[in-house]
Every structure is written in structure tokens, then in C-alpha cells.
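Below: the structure, in C-alpha cells.
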Amino acid sequence: KLTEQSFADSAVMYATAADMVAKHLQEAVRERGKAVFAVSGGKTPAPLFQQLAQMALPWHLITVILV
């Protein structure tokens, strides 16, 4: 469930978002054996992608698509 939050700065916001996305991807893989992550293109999500890339996720079971 998403709730409205305030963040001290964009770095904290992206770190929180990366943790949230990682949690949901891990849950999907655990429940269904795979996950799909649909994301917007452009430069805005780049910091999120950089943080996710550093996380130990089962990327071979996760499909990332641009929308």
C-alpha cells in the first residue's frame, strides 16, 4: 500500500523507492517465480535504476520493460 510521504532530499526519496521496488520484486518472485517491472523511460528514473542495480535481486527472474 502506498502512502503519502515527505523526504529530506531526492537521495532519500530514491533510496526509499528502491527499497520498496526491491521488496515488491522479491515478493513477486517468491510468489510466482518471476516478476515484471514496467518503468518509464527518460532520465527521471535513472537514480532509482542505479540503486536497484546495486541490490542482490534475482535479476534472471525479473523482466524490465519500458512503457
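Quick one: in segment 39-67, of everything that is more than 27 Å from Asp9 (Cβ to Cβ) and without any contact (Cβ under 8 Å) to a residue 12 or more places away in the chain, which residue is nearest to the chain's Cα centre (by Cα)?
Among those residues, the one meeting the criterion is Trp59.
Got a number for residues in segment 21-48 being exposed (fewer than 13 other Cβ atoms within 10 Å of the Cβ) and assigned to a helix (DSSP H, G or I)?
The qualifying residues number 7.
Would you check which residues across segment 1-20 are outside any loop (DSSP other than H, G, I, E, B) and either among the aromatic types (Phe, Trp, Tyr) or open to solvent by less than 90 Å² (accessible area, probe 1.4 Å) (or both) and list them? Walk me through how you get there before you give the answer.
First pass over segment 1-20, keeping only residues outside any loop (DSSP other than H, G, I, E, B): 10-20.
Matches in segment 1-20: Ser10, Ala11, Val12, Met13, Tyr14, Ala15, Thr16, Ala17, Ala18, Met20.
Would it be correct to say that Val67 is open to solvent by 90 Å² or more (accessible area, probe 1.4 Å) and β-branched (Val, Ile, Thr)?
Here the answer is yes, as Val67 does meet what is asked.
Among the numbered conditions (1) under 14 Å from the mean Cα position of the chain (by Cα); (2) over 18 Å from Val67 (Cβ atoms), tell me where Val36 comes up short.
Of (1) under 14 Å from the mean Cα position of the chain (by Cα); (2) over 18 Å from Val67 (Cβ atoms), only one is false for Val36: (2).
The values are calculated or read from the model by the stated rules, or taken from the named source; none is laboratory data. Treat the numbers as computed from the prediction; the structure is a model and nothing was measured. Reconstructed Cβ throughout: ideal geometry from the backbone, glycine too, with neighbour counts over all protein chains shown. Protein only, heavy atoms only, side chains kept; ligands, DNA and RNA dropped before computing areas. Shrake-Rupley method; radii C 1.70, N 1.55, O 1.52, S 1.80 Å.
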